[in-house]
Every structure is written in C-alpha cells, then in structure tokens.
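Below is one structure; the comments refer to it alone.
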Amino acid sequence: MALETQAKTVVGQFDYSDEDVNKGVVEFLRQMAEGLEKDGTSLAQIPTYVTAVPNGTEKGLYMAVDLGGTNFRVCSIQLNGDTTFRLTYTKVAIPRELMVAKTAEELFAFLAKQIEIFLRTHHGDHFEAHIRRRMTISSPEGFKDENVFRLGFTFSFPVQQLGINKGTLIRWTKGFDIPDAVGKDVCALLQTEIDKLHLPVKVAALVNDTVGTLMARSYSSPGKSGAILGAIFGTGTNGAYVEKLSKLKKPLAGEYDNSTGEMVINTEWGGFDNQLNVLPNTPWDVQLDKATPNPGMQMYEKRVSGMYLGEILRLAVIDLLKNTDATFFKDDNSSSNDWKSTTNIAEHSPIYKQWGIDTSVLSVAAADTTPELSILRQELECNLHVYAPSLEDAQAFKAIAGAIGRRAARLSAVAIAAIVLQTGRLTDPELDGEPIDIGVDGSLVEHYPYFRDMIYEALRAIKGIGEEGAKRIRIGIAKDGSGVGAALIALVAAGMEKSTSTADFISDLRLNAKKNDLTAVPEHSELAAGE
Ligand code: ADP
Ligand code: MG
C-alpha cells in the first residue's frame with residue numbers, strides 16, 4: 001500500500017486546521033484595517049464610490065459585458081422592478097494570445113466585435129433602426145440618445161476608480177499581461193473600439209465583478225438591510241463589502257454621496273497576506289508561484305481560485321509520479337491491481353504541461369462517489385491520457401484533489417468570516433437574528449461539490465461566529481450576478497446623468513449636433529435607455 005501511504009502524506013500537507021482558520025481570520029481583520037488607513041497595502045481596500053445597494057424596485061433595459069479572466073460575457077438585462085429580471089446572454093472564451101497581446105487595442109477590439117455580434121443577434125431591430133438612422137444623417141454621432149444602450153462594464157482586475165465610468169488599470173492578474181494597458185482608462189479603451197464600429201452603446205459604468213455580485217444579491221433578495229458581501233470564486237477570487245464611512249480613514253480622491261454613511265469597498269483580497277504571515281505554503285504552492293507572471297502577488301488567490309487549483313494538483317501529482325516507492329499511474333505487474341492491461345501515462349498527457357489540469361477535474365473527482373470511481377477513471381483516461389488507471393490510482397488522485405479543494409474552501413471561510421465580523425452585524429441588536437446575506441458567483445463555488453458546505457463547516461469553528469452565527473449567514477449564488485449587477489450600476493449612472501448633469505449632457509449633444517449640422521438630437525430626451 002505504498003501509494004496510499006504516499007498520497008496520505010501529500011494530503012496531510014494541505015491540512016488547514018480550525019486553529020489555522022482562526023489565526024487567518026485575525027490576520028485578515030488586521031490587514032483589512034491597514035488597507036482602510038493607507039494605500040499600497042496587501043489588502044488594497046479600494047473605495048468604489050458606490051454608497052447604496054439596490055432594493056429590488058429598479059427598472060429598465062441595459063447591457064452588460066464581463067471580462068472575467070477566462071470568458072467574455074455579453075448580455076442585455078430587462079429589470080422588471082419586482083426583484084425579477086430577464087437576461088439574454090452569450091459567452092466566448094478569451095483567446096489565450098489576446099491575454100498577452102502587444103497592444104490593448106487588440107484585446108478591446110475583440111471585445112467590441114463581440115458586442116456587435118450580440119446586438120445583431122439579439123437586438124436586431126434596435127440595431128437595424130440605428131444603422132438606418134445613421135445612413136440618413138452625415139455623422140455617426142447623430143443617433144437618438146434614447147436608442148443608446150447604457151452598458152455596465154464588469155472588469156475584474158485591479159483598477160483605480162476615478163469616476164463611475166472611468167478607471168485606470170493598476171496591474172493585470174490571472175495570467176493576463178498587456179503592459180500597454182496598465183495605467184490607461186479601460187472604459188475609454190472599450191468606448192474607442194465601440195465607436196470605431198459605430199455601435200449605439202455608451203459605456204456608462206465601470207464595475208468590479210464583486211460589486212456587481214453584491215448589487216445583484218441585494219436586488220434579488222432584499223432583506224431588512226441588503227447584502228453585506230459580494231464574493232467571486234472563479235478564475236480568481238475577490239470580495240466587495242459594505243463598510244461604514246467612519247472606518248474608511250484614507251483620503252478619497254473623488255466626490256461621493258455620504259448620506260448613507262456607508263460605502264462599498266473592493267477588498268482585492270486576492271492579495272491578502274502576500275507577505276505569508278499566516279497563509280499555508282506547501283512546496284507546490286512555492287513552485288506554482290514561481291512559474292506565474294506575478295510571483296509574490298495574489299498569494300491568497302493562488303491558493304483559492306479556479307485558475308490555480310488544477311495546477312497545484314498537477315504539481316503534486318508530478319512529484320508523486322517521480323517518487324519511485326509509489327506506483328502511481330504505473331504498474332510493473334498488471335496483476336497487482338484490478339486491471340489486466342498496463343497502466344501508463346501518454347507522453348503527450350496534459351499532466352506534463354503547465355496549466356494542463358483544469359480545476360473542473362477537481363470537481364469531477366469530488367463528485368464521483370461510485371465505489372469503483374468509474375467516472376473519475378474515465379476522466380483520467382479521456383482528458384488526462386492516463387491509460388487504464390487502477391482503483392488505487394484514482395483513489396490517490398481523488399484524495400489529493402479533495403484536500404486541495406477543501407483547503408481552498410476553508411481559506412474562503414477566512415475572508416467571509418473576517419468580513420462578517422468586521423461589519424458587526426452578528427452582534428447588532430437592531431438586526432435581532434435577521435439573516436446576514438452574502439452573494440457569491442464563479443464556477444468554483446457554483447460547480448465544486450460541497451464547496452459551500454465546507455465553508456460553513458469552517459465558519460462554525462470560528463471564534464465570534466460559531467454554530468449560531470453560521471446559521472444566520474446566508475450564502476447564496478447570485479446567478480448571473482455580474483450582468484445584473486453591472487446593469488444596476490449602469491442604471492445608477494444613468495440616474496446621475498439625469499439628476500446632476502442632464503442639462504449639460506443634452507447641451508453637449510446639441511452643440512455637437514450643431515457642429516456637425518445635425519438635427520437628430522431630441523429636444524426632450526429620455527436618457528435612460530428603455531425607461
Ligand atoms: P470568470 O472568472 O472568467 O468570470 P468563471 O467564474 O466561469 O469565469 O471561472 C472560470 C474558472 O473556473 C476557471 O479557472 C476554471 O478552471 C474553473 N472551473 C470551470 N468549471 C469548473 C468546475 N466544474 N469546477 C470547478 N472549477 C471550474
Ligand atoms: Mg466572473
């Protein structure tokens with residue numbers, strides 16, 4: 001049973017005890033406080049200028065796009081105003097070569113093209129009407145404002161937000177590396193490419209996916225006090241939560257409405273504990289980090305999120321393959337296991353390539369509870385080109401994969417618990433046992449079996465939360481969260497155009513129209529598309 005013993009040793013290195021979890025929470029709270037006081041800390045705590053969460057009565061037709069890391073999603077959302085919505089959407093994988101393109105233009109032109117395809121497919125009438133109108137006038141700017149879609153741009157990378165639709169890229173993460181884009185306003189980059197295609201679309205709001213998730217959860221399940229946290233467990237991981245303005249000590253550059261006394265803070269928790277005060281650090285974590293474009297950064301994310309879990313597993317598997325005592329994925333004697341044929345790995349197996357194992361394989365391993373592990377063995381055979389894996393092989397693989405997934409879930413509980421404690425809601429007498437709402441999104445939390453259960457298990461072991469506290473914490477998937485959330489923020493942005501600067505906005509349009517000798521700008525315009 002050499003293999004089983006060896007696998008147990010590997011599994012043991014991914015243990016993350018209740019005591020570790022509690023230490024993690026204390027350190028998370030400390031780094032949160034630090035980030036609220038000054039810039040440049042590992043937990044960046046970026047102010048979003050969003051000072052209220054929705055209540056479910058919002059209405060209108062909006063567009064949203066989401067550049068997440070793995071996919072680009074384009075959607076339109078009809079908000080019905082009764083906590084429900086109708087969403088139409090398409091999704092394309094981002095070509096790997098564009099993630100490391102020479103210029104930002106290449107990536108953003110691709111994004112604009114996807115918006116055009118979406119409009120033609122799903123809003124053909126709207127699109128054709130716009131094109132017809134354009135042909136009757138002499139300038140692309142001459143479209144009616146009410147025919148312009150307000151678009152919420154979910155851009156899930158660290159951004160210095162300078163206004164509701166303006167923000168400069170601080171750095172790329174999740175394997176993206178286009179130096180040309182760093183420091184540029186990503187909304188302007190997208191609008192430029194949209195304008196080149198003459199699309200009737202205005203980038204109205206820049207949204208972090210975590211903020212979108214928080215908004216979407218608040219719209220769909222408005223409790224007494226709205227959701228407190230939106231969290232992503234997808235390609236990367238991050239969270240945004242509602243903080244009291246009085247705790248935000250660092251100076252704010254932009255203007256904001258302080259009537260609610262609160263502001264949504266984008267924690268950028270992927271960078272939690274880059275200094276490794278408390279994070280676990282196995283040899284495979286070290287190896288993985290060294291091989292990324294951003295070593296020493298996003299150290300929490302590299303132990304938690306979809307982009308990395310498969311790779312950690314791959315590195316651990318490779319080590320076990322090198323171990324001559326363990327007969328992992330090989331047999332010198334085929335009678336030593338339940339297969340007649342010889343177990344072996346193809347030379348071209350993705351196991352030998354960086355990023356070769358997708359995190360979805362961990363989900364397959366966790367989901368397979370058949371006694372023979374036949375589903376996992378099929379997956380190993382078909383996708384990883386391991387031929388005739390034995391039951392022992394599959395059991396070892398499943399045990400290691402499970403340990404990595406479990407550690408990720410328990411680490412996720414650290415961030416969630418710290419934020420729940422930070423908001424003080426558990427002990428707020430006014431809330432009197434009310435649920436504490438948390439919206440989550442991302443393929444990992446959505447598809448990894450029992451991910452949420454493992455989070456709850458850890459939450460119950462945390463000082464200050466315990467059994468009772470864990471019962472009050474309601475973690476719900478904010479389905480299509482980023483789309484709905486982005487639409488809600490685009491709505492807020494359209495409202496701001498209306499209330500604060502409608503007059504300026506229209507007079508600007510008229511001025512442009514005069515310059516271009518146009519007459520298409522309406523005298524009485526309804527600015528919010530679809531309202
Ligand atoms: P994005 O981060 O681009 O918004 P997703 O939320 O879909 O996109 O997350 C994609 C990540 O989730 C990828 O890293 C992928 O490996 C991982 N993933 C996809 N499917 C699964 C699954 N079934 N189980 C676990 N992880 C998955
Ligand atoms: Mg996403």
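The values are calculated or read from the model by the stated rules, or taken from the named source; none is laboratory data. These figures come from a predicted structure and were not determined experimentally. As a convention, Cβ positions derive from the backbone with ideal geometry for all residues, glycine included, and neighbour counts pool all protein chains shown.
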**Request:** Working only within the stretch 24-68, note down all residues that are touching an Asp or Glu at 6+ places or on another chain (Cβ under 9 Å) and on the phi > 0 side of the Ramachandran plot.
**Result:** Q45, Y49, G56, G60
**Prompt:** So which residues in the stretch 379-423 are of a type in the set (G, A, S), surrounded by fewer than 22 Cβ atoms within 10 Å (Cβ to Cβ) and modelled with pLDDT under 95?
**Reply:** A388
**Request:** Please name all residue pairs, on different chains or six or more residues apart, with Cβ atoms under 7 Å, provided the first residue is in the stretch 172-188 and is farther than 20 Å from K290 by Cα and assigned to a strand (DSSP E or B) and the second residue is more than 16 Å from ligand 1 (Cβ to nearest atom) and not β-branched (V, I, T).
**Result:** D185/K166; D185/G167
**Message:** Of all residues being assigned to a helix (DSSP H, G or I), free of Cβ contacts under 8 Å to residues at least 60 places away in the same chain and surrounded by fewer than 21 Cβ atoms within 10 Å (Cβ to Cβ) in the stretch 365-378, which is nearest to ligand 1 (Cβ to nearest atom)? Just the residue, please.
**Reply:** I375
**Residue check for T260: within 14 Å of the chain's Cα centre (by Cα) and not basic (K, R)** = no
**Asked** List the pairs whose first member sits in the stretch 78-89 and is at pLDDT 85 or above and among the aromatic types (F, W, Y), whose second member is surrounded by 15 or more Cβ atoms within 10 Å (Cβ to Cβ) and not in a strand (DSSP E or B), and whose Cβ atoms are under 6 Å apart, counting only residues at least 6 apart or on separate chains?
**Response** F85/V484
**Item:** Among residues of the stretch 246-260, those that are modelled with pLDDT of 90 or more and either among the small types (G, A, S) or assigned to a loop (DSSP other than H, G, I, E, B) (or both), counted
**Value:** 4
**Prompt:** Quick one: which helices (runs of 4 or more DSSP H) sit completely within the stretch 379-477 and have at least 2 residues that are of a type outside the set (S, T, N, Q) and more than 30 Å from G68 (Cα to Cα)?
**Reply:** 391-423, 466-472
**Request:** Go through the residues of the stretch 218-225 one by one and say whether even a single one is free of Cβ contacts under 8 Å to residues at least 24 places away in the same chain and touching a strand residue (DSSP E or B) at 6+ places or on another chain (Cβ under 9 Å).
**Result:** no
**Item:** Count of residues meeting criterion [modelled with pLDDT of 70 or more, in contact with a helix residue (DSSP H, G or I) (Cβ under 9 Å, 6 or more places away or on another chain) and charged (D, E, K, R)] in the stretch 129-183
**Value:** 5
**Message:** So, in the stretch 282-295, how many residues would count as being loosely packed, with under 13 Cβ neighbours inside 10 Å and either small (G, A, S) or under 17 Å from S17 (Cβ atoms) (or both)?
**Reply:** 1
**Prompt:** Picking from V264, V304, V242, V278, which residue would you name as being touching an Asp or Glu at 6+ places or on another chain (Cβ under 7 Å), closer than 26 Å to G481 by Cα and in contact (Cβ under 8 Å) with a residue 12 or more places away in the chain?
**Reply:** V242
**Request:** Have a look at N274, N238, N281 and point out the one that is modelled with pLDDT of 95 or more and not in a loop (DSSP other than H, G, I, E, B).
**Result:** N238
**Prompt:** Counting only residues that are among the acidic types (D, E) and either within 8 Å of ligand 1 (Cβ to nearest atom) or modelled with pLDDT of 95 or more (or both), which one in the stretch 426-452 is surrounded by the fewest Cβ atoms within 10 Å (Cβ to Cβ)?
**Reply:** E446
**Message:** Give me the strands (runs of 3 or more DSSP E) completely within the stretch 22-110, filtered to those with at least 1 residues that are polar (S, T, N, Q), away from ligand 2 (no atom under 16 Å from the Cβ) and over 19 Å from the mean Cα position of the chain (by Cα), ordered by residue number.
**Reply:** 71-80, 85-93
**Message:** Filter the stretch 246-274 down to the residues that are closer than 14 Å to R30 by Cα and exposed (fewer than 13 other Cβ atoms within 10 Å of the Cβ) and list them by number.
**Reply:** none
**Complete:** Of the residues in the stretch 462-483, those that are closer than 14 Å to S412 by Cβ and in contact (Cβ under 8 Å) with a residue 60 or more places away in the chain number 1
**Request:** For residues that are of a type in the set (S, T, Y) and away from ligand 1 (no atom under 16 Å from the Cβ), scanning just the stretch 233-290, find the one that is farthest from T51 (Cα to Cα).
**Result:** T282
**Message:** Looking at the stretch 426-465 only, could you name the residues that are over 25 Å from A367 (Cβ atoms) and either within 16 Å of ligand 2 (Cβ to nearest atom) or touching a Leu at 6+ places or on another chain (Cβ under 6 Å) (or both)?
**Reply:** G464, I465
